[in-house]
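Engineer: The structure is given below, and queries will be raised subsequently.
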Amino acid sequence: MNKRTQGRDVPKGAFPGADLPGSASQLSSTSDLTPAQLALVHVAKARLGLDDTEYRDLLEAAAGVRSARDLNQARFQALIQRLEGLGFRAIPKRPRPGMASPAQVVYIRALWARWRGEREDPEERGLLRWLSRRFGISSLKHLDSTMSHQTLVALKAMVARREQRPSPLPRERGKVTATTTALGKQGFPRPHR
């Protein structure tokens, strides 16, 4: 029930989308949108260049309402997914206080790619596994400023060690190469055969 129908008997199906999953009739706990969420909907409308009729048709198709004021959290999420499908991207204007800045995250990804010797790792599985083992976090978005500094220091050291290491030469089984002999003289153990 919304504010307009509160206290009145309203027949089921009187409002389009009232029986949608996530509607007030199907969720026991609904919450109104925050002012920031409402503003996000209107920013999306402006960025996508929607006129009022297109905007209201989109609201009705995606969430079953004609006004953003009637959205609940589930309907809001459905609307945001539809808007993202149309090309809307919410870009944060400033980093979250106490968390890694977007520039630090980009630098971490670049150092990881340099250490791996790859240009891209779209899924970043290796980096996420390393972060999980080292800091107990599952995503870069959970890096706080202290952990991001520690991550950068560790990755810089890893890259420096990798770049100082001699490149491995192909060797044949049973032959001692110049590289293994040189490493043995520097105190490194001979490779096992």
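Engineer: For the stretch 131-159, which residues satisfy the criterion of being farther than 17 Å from S101 by Cα, in contact (Cβ under 8 Å) with a residue 12 or more places away in the chain and under 20 Å from the mean Cα position of the chain (by Cα)?
Structural biologist: Answer for the stretch 131-159, where residues must be farther than 17 Å from S101 by Cα, in contact (Cβ under 8 Å) with a residue 12 or more places away in the chain and under 20 Å from the mean Cα position of the chain (by Cα): R134, F135.
Engineer: From the list P16, P21, which one is surrounded by fewer than 16 Cβ atoms within 10 Å (Cβ to Cβ), in contact with a Lys or Arg (Cβ under 9 Å, 6 or more places away or on another chain), over 26 Å from L143 (Cα atoms) and modelled with pLDDT under 65?
Structural biologist: Within the list P16, P21, the selection yields P16.
Engineer: If a residue must be touching a Leu at 6+ places or on another chain (Cβ under 8 Å) and of a type in the set (S, T, N, Q), how many such residues does the stretch 41-96 contain?
Structural biologist: 3
Engineer: While we're on this one: Could you run through the stretch 127-157 and say how many residues are of a type in the set (F, W, Y) and touching a Ser or Thr at 6+ places or on another chain (Cβ under 8 Å)?
Structural biologist: Looking only at that region, the number is 1.
Engineer: Right, something else. Given the structure, is R109 closer than 30 Å to V159 by Cα and loosely packed, with under 15 Cβ neighbours inside 10 Å? Spell out how you get there, then give the answer.
Structural biologist: Numbers: closer than 30 Å to V159 by Cα: yes; loosely packed, with under 15 Cβ neighbours inside 10 Å: no.
The answer is no for R109.
The values are calculated or read from the model by the stated rules, or taken from the named source; none is laboratory data. Keep in mind that what you see is a predicted model, and the values were worked out from it rather than measured. Neighbour counts are summed over all protein chains in view; Cβ atoms, including those assigned to glycine, are modelled from backbone coordinates with ideal geometry.
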